[in-house]
1. Between a residue in segment B:48-61 that is without any contact (Cβ under 8 Å) to a residue 12 or more places away in the chain and any residue that is of a type in the set (V, I, T) and surrounded by fewer than 18 Cβ atoms within 10 Å (Cβ to Cβ), which pairs come within a Cβ distance under 9 Å, given they are 6 or more apart or on different chains?
2. Taking interchain pairs and intrachain pairs at least six residues apart, which have beta carbon atoms under 6 angstrom, with the first residue in segment B:99-125 and at the interface with chain A (Cβ under 7 Å from one of its Cβ atoms) and surrounded by fewer than 14 Cβ atoms within 10 Å (Cβ to Cβ) and the second among the basic types (K, R) and outside any helix (DSSP H, G or I)?
3. Tally time: how many residues in segment A:32-77 are over 25 Å from A:D6 (Cα atoms) and not hydrophobic (A, V, I, L, M, F, W, C)?
4. Residues A:G73, A:G33, A:G64: which one is within 11 Å of chain B (Cβ to nearest Cβ), among the small types (G, A, S) and over 30 Å from B:R27 (Cα atoms)?
5. Would you mention how many residues in segment B:76-98 are within 30 Å of A:G80 (Cα to Cα) and at the interface with chain A (Cβ under 7 Å from one of its Cβ atoms)?
6. When you scan segment A:80-90, do you find a residue that is surrounded by 13 or more Cβ atoms within 10 Å (Cβ to Cβ) and not in a loop (DSSP other than H, G, I, E, B), even just one?
7. Hey, any hits in segment B:39-51 for a residue that's within 14 Å of the chain's Cα centre (by Cα), not in a strand (DSSP E or B) and not acidic (D, E)?
8. So which of A:Q71, A:Q31 is of a type in the set (S, T, N, Q), open to solvent by 20 Å² or more (accessible area, probe 1.4 Å), in contact (Cβ under 8 Å) with a residue 40 or more places away in the chain and not in a helix (DSSP H, G or I)?
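The values are calculated or read from the model by the stated rules, or taken from the named source; none is laboratory data. Because the structure is a prediction, the values reported are computed rather than measured. Using ideal geometry, Cβ is built from the backbone for each residue, glycine included, and neighbour counts are taken over all protein chains shown. In case anyone asks, the SASA skips ligands and DNA or RNA and just uses the protein heavy atoms, side chains included. Shrake-Rupley method; radii C 1.70, N 1.55, O 1.52, S 1.80 Å.
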Number of protein chains: 2
Amino acid sequence: MLIQLDFESNDPIYQQLVDQIIEGIARKELQPGEGLPSVRSLAADIGINLHTVNKAYKQLKQEGYILIHRQKGVVINPDGVPKADEDFRQRIEKSLRPLIAESICRDVSEEEFIKQCKQLFETFKGGNT
Amino acid sequence: MLIQLDFESNDPIYQQLVDQIIEGIARKELQPGEGLPSVRSLAADIGINLHTVNKAYKQLKQEGYILIHRQKGVVINPDGVPKADEDFRQRIEKSLRPLIAESICRDVSEEEFIKQCKQLFETFKGGNT
DNA sequence: ATAACTGTTATACTTATAATATAACAGTTG
DNA sequence: CAACTGTTATATTATAAGTATAACAGTTAT
């Protein structure tokens with residue numbers, strides 16, 4: 001799986017890393033039990049500091065996406081990612097809220113917005129970008 | 001219209017201000033042509049610095065939500081907010097993408113996600129929280 | 001066992017952003 | 001004239017992001 005970073009983005013690159021790995025899991029490109037590169041090798045590969053990778057891994061671990069075996073290294077959670085709980089749903093709503101408010105102001109219809117969502121769901125089910 | 005800020009949030013408070021005003025416009029609580037408090041009085045009301053308010057107003061102005069008449073002060077754009085363009089739609093997709101990827105990983109169905117979206121659209125159409 | 005790896009922790013530095021604090025300018029309004 | 005308006009400038013503090021080295025403890029292969 002290849003990682004694409006935008007160093008000009010406002011999103012911090014450790015967050016971009018987190019997002020890309022979660023995307024990889026979502027589109028089954030990263031399978032449960034599959035190994036991830038070590039912090040040092042991944043950092044070297046994409047030309048960033050190992051602490052930046054470590055910060056991303058730390059967050060992914062804390063959110064249950066990956067496990068760290070002392071033996072096997074970094075591994076996609078073999079039991080799958082923890083199901084959504086109430087905290088997660090609240091987090092989604094909190095992120096969705098300003099997007100939808102802006103859309104309403106700019107005359108984007110509910111139908112169009114939902115069409116966009118469905119399209120993204122398809123993107124992840126299928127193997128597209 | 002009352003402003004509710006969370007000073008413990010990770011979101012900067014100028015951004016919270018922007019979001020709340022956009023929400024106010026979305027739910028027609030703030031009408032086109034309606035005046036907003038001056039940077040100084042709003043800052044004093046919510047107990048923050050005038051520059052923080054000014055930063056929020058500046059962003060709202062740049063995105064076309066408000067106008068600044070030298071006479072009338074700060075005013076909700078009387079011509080309405082500019083319609084969504086391609087840049088806006090890309091911004092929405094970019095924000096939506098990680099939310100949907102996470103949702104898929106955590107077994108939130110497309111139906112449930114869309115239900116959440118519809119609920120938020122209703123929230124703004126109606127007068128609810 | 002030695003060497004090369006693993007994640008993890010600690011410290012220090014630089015840079016950028018957020019927020020505050022004063023102060024001033026130019027225009028408007030009572 | 002006084003009180004307001006948005007705007008700009010400057011300075012300070014605090015926090016986050018990213019990098020740079022270094023070290024520790026455990027694992028693995030030679």
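1. The qualifying pairs are B:K61/B:I68.
2. B:D107/A:K83
3. Number of matching residues: 10.
4. Result of the check over A:G73, A:G33, A:G64: A:G64.
5. Number satisfying all stated conditions: 6.
6. Restricting attention to segment A:80-90, the residues satisfying the condition of being surrounded by 13 or more Cβ atoms within 10 Å (Cβ to Cβ) are A:80-82, A:84, A:88-89.
Still in the running and not in a loop (DSSP other than H, G, I, E, B): A:88-89.
Yes, segment A:80-90 contains at least one residue that is surrounded by 13 or more Cβ atoms within 10 Å (Cβ to Cβ) and not in a loop (DSSP other than H, G, I, E, B).
7. Residues of segment B:39-51 that are within 14 Å of the chain's Cα centre (by Cα), as a first pass: none.
Looking for residues that are within 14 Å of the chain's Cα centre (by Cα), not in a strand (DSSP E or B) and not acidic (D, E), one finds none in segment B:39-51, hence no.
8. From the options A:Q71, A:Q31, the qualifying one is A:Q31.
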